[in-house]
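A.B. asks: The structure's right below; bear with me while I get my questions together.
The values are calculated or read from the model by the stated rules, or taken from the named source; none is laboratory data. A quick note: this is a predicted structure, and the numbers were derived from the prediction, not measured. Positions of Cβ are generated from backbone atoms using ideal geometry, with glycine treated the same way; all protein chains shown enter the neighbour counts.
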Amino acid sequence: MTVWLITRREIVTRLRSKVLRIATVVSVLILVGIAVTAKLTAGGPSAQDVGLTPAAEALAVQLAALQPGVRVHSVDESAGRAEVLDGSLDALVTAAGTRVDVVVKTDLPDDLRSSLRLLAQRATLDQQVRALGGDPATVDGAIAGSSVSVTALAPRRQTDPQQLALGILTSVLVYMALLLTGQAVAQGVVEEKSSRVVELLLATVRPRQLMIGKVLGLGTVGLAQVAVIAAAGLAAGLATGSLTLPAHAALGSVLWLVAWFLLGYAAYSFVFAGAASLVSRQEDVAAVITPVLMLLVIGYVVGVSVLPSHPDSALVAVMSMIPLFSPTLMPIRLALGVAPAWQVGVALAGIIAAIPLLVWVSSRVYRNAIVRGGARIRLAEAWRR
């Protein structure tokens, strides 16, 4: 009951914060904006309009086969030249064969130039085959039947760009949520200590109850914030069509996001609370929580810099199973589909086993340091008392 009262107090206080509401709304708007922008900028290469005069109409089928994005128009030469000048046509082909004559306004796109060159070379080859008494159709069939068989001894894993983007976004959200909620825990501890409110609270509750209640309260608000942001981003991606992954795959990433946030928060928040209890001034908070933040930063940086180009990295696989790195590394590996079930099991078991140990260590430091004001307390001293 005592822990619940403290938890409720932290939830109510946190929900009244304008900063929290503004940050949540801004995060949702950013994700919706990303989804809308991705939809507007998506699409294949722009189509090209090519005019063919009667002397070049034989190229229509071959050109369309080489470049599916080309729209072919039959025009006479004078009208075609006018359309090239006003921008209606990207190019006008006036002659075809071993030599292809093209009229353009400024320059010929490289891909269209390559296709027309290939058609000219094919016409030249057909001409030479006929001169030698052969059948060009037979030669073309033989060439079309040619192929290269490749056997890859260590094939590169093909990564879906959307899976990669979703994995990185999941890792970023976990990192930001742990960073912000962890810092909120640390600042709350120091605020109560510097204002001596903690002395009044400890007259009726135990230090362990106070720390657990604070962590649970802020964690509940942080979980709600993460869930709202993730759900809004998922809904925006599916609604705009910018996220074309199966709904169950996207939902799975969101569920893993929530799960790893909870586990990561449980592991880090108590450490933040214990570290913050060593100081009595807000300006000293950064110094004591920086080592903890570095663990978060290392996992995050490795995840977004190494995993995209090396999804099968053995180093990342090992790091993702270490309890303090798994919350930021395992979500992106799960989204990419490169984390075997046994590695996920090891990571989950490791962090679940580490949480009670971190709670016990942090509780001892918190209990011994929270009522001591003045200068910063050394960790070894807080541990011994």
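A.B. asks: How many of the residues in region 318-339 are in contact with a Leu (Cβ under 6 Å, 6 or more places away or on another chain), of a type in the set (A, V, I, L, M, F, W, C) and in a loop (DSSP other than H, G, I, E, B)?
C.D. replies: Counting residues in region 318-339 that are in contact with a Leu (Cβ under 6 Å, 6 or more places away or on another chain), of a type in the set (A, V, I, L, M, F, W, C) and in a loop (DSSP other than H, G, I, E, B) gives 1.
A.B. asks: Looking at the structure I just gave you, is residue 28 at pLDDT below 80 and assigned to a helix (DSSP H, G or I)?
C.D. replies: Criteria not met by residue 28.
A.B. asks: Any residue in region 117-128 that is under 14 Å from residue 102 (Cβ atoms) sitting within a Cβ distance under 7 Å of a residue that is surrounded by 13 or more Cβ atoms within 10 Å (Cβ to Cβ) and not small (Gly, Ala, Ser)? List the pairs, counting only those 6 or more apart or interchain.
C.D. replies: 118/66; 119/59; 119/62; 119/63; 119/100; 120/98; 120/100
A.B. asks: Here is a follow-up. Sort out which residues of region 6-24 are among the basic types (Lys, Arg) and surrounded by 15 or more Cβ atoms within 10 Å (Cβ to Cβ), and write them in order of number.
C.D. replies: Scanning region 6-24 gives a single hit, 14.
A.B. asks: Continuing with this model, one more query. Exactly one condition in (1) surrounded by 12 or more Cβ atoms within 10 Å (Cβ to Cβ); (2) under 30 Å from residue 239 (Cα atoms) is false for residue 94; which is it?
C.D. replies: Going through (1) surrounded by 12 or more Cβ atoms within 10 Å (Cβ to Cβ); (2) under 30 Å from residue 239 (Cα atoms) one by one, residue 94 breaks only (2).
A.B. asks: Just wondering, is there one or more residues in region 340-359 that are in the same structural domain as residue 259 (by TED's automatic domain parsing), within 30 Å of residue 230 (Cβ to Cβ), under 19 Å from the mean Cα position of the chain (by Cα) and not in a helix (DSSP H, G or I)?
C.D. replies: no
A.B. asks: Here are some conditions: (1) within 26 Å of the chain's Cα centre (by Cα); (2) modelled with pLDDT under 85. Residue 317 meets all but one. Which one does it not meet?
C.D. replies: (2)
A.B. asks: I've got another one for you. Picking from 371, 338, which residue would you name as being more than 26 Å from residue 306 (Cβ to Cβ) and in contact with an Asp or Glu (Cβ under 7 Å, 6 or more places away or on another chain)? Reasoning before the result, please.
C.D. replies: On the way: 338 fails: more than 26 Å from residue 306 (Cβ to Cβ).
It is 371.
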